[in-house]
Amino acid sequence: MSSTNKAPEKAKKSSLKDRGNLFEIAMQQVSKAADVIKLDPKVRNILAQPKNELIINFPVQMDDGSWKMFKGYRVQHNNMLGPYKGGMRYHHEANLDEMKALAAWMTYKSALHDIPFGGGKGGVKVASGELSMREKERLTRRFTHALGNNIGPEWDIPAPDVGTDGQVMVWMMDTYMNVAGYNDKNAVRRVVTGKTIISGGSHGRSEATGLGLVYCIEEWARDKKFNLDGCTFTVQGFGNVGSHLANLLTKRGAVMVGVGDHGGYIANPEGINPHKLLQYMAGKGTVAKYQGAAEITREQFFGLECDLFVPAALELEIGVDEANLLKCKLICEGANGPTYPEAEEILLKRGVDIIPDVLANSGGVVVSYYEWLQNKRSERWELEEVRGRLAKRMATTYQAVRQCALHRKVDMRTAVYCIALERLQQAYAERGIFP
Ligand code: GLU
């Protein structure tokens, strides 16, 4: 295969802080839809900021005996439609504005699907890869204890996100259970979702975000009369979302021709086997230098010929430069907030379709809701049942968004917010504010 002699650039373009204020970008997106539906200014003002922003500085004993201070966050954006819900992110660049944006997006994800949840997000500013398992456990337990009753099974329900997984959720659950009253222990399992199966998780939760993306892509393909079998795709980020997506799309006959992460980018026009790549990743911690593909630069990655592009890494990766490079027909946003508004304008003008994050990656929170319901009812649903319910909900919501976009003559992202905002507005109109 063709390869390049040029050394790959540093994979990550810039630090998250330099990329702009994520919360302002999120508000800009919401504002566009608020204008379209003529949202009541009273509701607009309420949604323009989170209800609660919590910052906790806490110490953790490291393996070498030293004590280190960490900064933890939990932002609760809105709970008009149900308890705050959203992930916990462990990342060395975690910051308050990012959490605020991510929390707000959770409010809209749940409202869009008519799931009885609100929106929240949190995490710890830490490079989780640099912690030992014992340190990660101590950090998680101490953080959960410090959060105290700021989380709860009917109040605020964390889930995995970047840098966290089922094991982290189980430590959170266990810590919370141990401070809850003895007789309530089992009743509070659903204080977190995304747990491992044996500790109360749901079948299908770990693949859910990737599968939700695939269901959206299938709806798009049906509408466009586009054949997924034999088509090509690229993925940025090969964590939980990117790797499941790659597996599931490959099973449907699509060919992964490029992939990249924090370590670098690779390409192979003949296709990259996602199973083998995942095995390689497990050892190396990055897809870079995988033998089954050639190393390319970030710029070359964005310029690859392909049908579908799935950003599944961090926010604000697609700027004006990337928008001009991309040659795909569809961008399906696995990451939250991967696209700058200016880049979106260029892409839409160029005829590239975009399935926006709040819809595209919502499979995770949908199955989190199923996990929460199973815990509440002491039930265990089979994988096929979870998949069937997710398929139906994603398809129904996708078509509602499409209809709204056609009817209101707006882009898909704006349509997503129009639907979610209308639901929130109706709830405020009915309930008013206290007192
Ligand atoms: N962290 C995921 C997201 O951003 C899942 C949240 C959840 O399951 O509550 O949507």
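Taking the numbered list (1) touching a residue at least 40 places away in the same chain (Cβ under 8 Å); (2) part of a helix (DSSP H, G or I) in turn, Tyr280 passes all entries but (1). For segment 163-173, the criterion of being out of contact with any Pro (no Cβ under 6 Å at 6 or more places or on another chain), within 16 Å of the ligand (Cβ to nearest atom), hydroxyl-bearing (Ser, Thr, Tyr) and not in a loop (DSSP other than H, G, I, E, B) is met by none of the residues.
Answer yes or no: is there a residue in segment 255-264 that is open to solvent by 50 Å² or more (accessible area, probe 1.4 Å) and either over 20 Å from the mean Cα position of the chain (by Cα) or over 20 Å from Met394 (Cα atoms) (or both). Yes, that holds for at least one residue.
Taken over segment 72-124, the criterion of being touching a Phe, Trp or Tyr at 6+ places or on another chain (Cβ under 7 Å), within 12 Å of the ligand (Cβ to nearest atom) and among the hydrophobic types (A, V, I, L, M, F, W, C) is satisfied by Met99, Ala101, Ile115, Phe117. Listed by position, the strands (runs of 3 or more DSSP E) contained in segment 43-134 that have at least 2 residues being surrounded by fewer than 21 Cβ atoms within 10 Å (Cβ to Cβ), at negative phi and among the aliphatic types (A, V, I, L, M) are 52-61.
Within segment 221-231, is there a residue that is crowded, with 20+ Cβ neighbours inside 10 Å, modelled with pLDDT of 95 or more and among the polar types (S, T, N, Q)? No, segment 221-231 has no match at all. Here Ser206 passes the criteria (1) within 16 Å of Ala391 (Cα to Cα); (2) open to solvent by 10 Å² or more (accessible area, probe 1.4 Å); (3) assigned to a helix (DSSP H, G or I) except the one numbered (3). Assess whether Asn52 counts as being more than 16 Å from the ligand (Cβ to nearest atom) and either within 22 Å of Val191 (Cβ to Cβ) or in contact with a Phe, Trp or Tyr (Cβ under 8 Å, 6 or more places away or on another chain) (or both). The answer is yes for Asn52.
Residues in segment 25-60 that are charged (D, E, K, R) and touching a helix residue (DSSP H, G or I) at 6+ places or on another chain (Cβ under 8 Å) were compared, and the one that is farthest from Asp97 (Cα to Cα) is Asp40. Residues in segment 294-310 that are surrounded by 14 or more Cβ atoms within 10 Å (Cβ to Cβ) and out of contact with any Gly (no Cβ under 8 Å at 6 or more places or on another chain): 9 in all. The residue that is nearest to the ligand (Cβ to nearest atom), among those in segment 188-198 that are out of contact with any Lys or Arg (no Cβ under 9 Å at 6 or more places or on another chain) and open to solvent by 30 Å² or more (accessible area, probe 1.4 Å), is Thr196. Filtering segment 17-42 to residues that are open to solvent by 90 Å² or more (accessible area, probe 1.4 Å) and of a type in the set (D, E, K, R) leaves Lys17, Asp18, Glu24, Lys32, Asp35, Lys38, Lys42. If we scan segment 416-424, do we find a residue that is free of Cβ contacts under 8 Å to residues at least 60 places away in the same chain and either within 14 Å of the ligand (Cβ to nearest atom) or in a helix (DSSP H, G or I) (or both)? No, segment 416-424 contains no residue that is free of Cβ contacts under 8 Å to residues at least 60 places away in the same chain and either within 14 Å of the ligand (Cβ to nearest atom) or in a helix (DSSP H, G or I) (or both). Based on this model, can you work out whether Trp155 counts as open to solvent by 10 Å² or more (accessible area, probe 1.4 Å) and within 16 Å of the ligand (Cβ to nearest atom)? When the stated conditions are applied, Trp155 passes them. Elements of the type helices (runs of 4 or more DSSP H) sitting completely within segment 299-389 and holding at least 2 residues that are modelled with pLDDT of 95 or more, more than 19 Å from Ala208 (Cα to Cα) and within 13 Å of the ligand (Cβ to nearest atom): there are none.
Screening Asp184, Asp229 for residues that are over 16 Å from Met169 (Cβ atoms) and part of a helix (DSSP H, G or I) leaves exactly one candidate, Asp184. When the residues of segment 65-88 are filtered to those that are free of Cβ contacts under 8 Å to residues at least 40 places away in the same chain and under 17 Å from Val124 (Cβ atoms), the one that is nearest to the chain's Cα centre (by Cα) is Met69. For Val401, the conditions (1) more than 16 Å from the ligand (Cβ to nearest atom); (2) open to solvent by 10 Å² or more (accessible area, probe 1.4 Å); (3) within 16 Å of Leu112 (Cβ to Cβ) are fulfilled apart from (2).
Taking the numbered list (1) of a type in the set (D, E, K, R); (2) away from the ligand (no atom under 16 Å from the Cβ); (3) at pLDDT 95 or above in turn, Asp184 passes all entries but (3).
The values are calculated or read from the model by the stated rules, or taken from the named source; none is laboratory data. Worth saying up front: this structure is predicted, and the values here are computed from it rather than measured. Backbone-built Cβ (ideal geometry, glycine too); neighbour counts: all protein chains shown. Please note that ligands, DNA and RNA were not included when accessible areas were found on the heavy atoms of the full protein model with its side chains. Shrake-Rupley method; radii C 1.70, N 1.55, O 1.52, S 1.80 Å.
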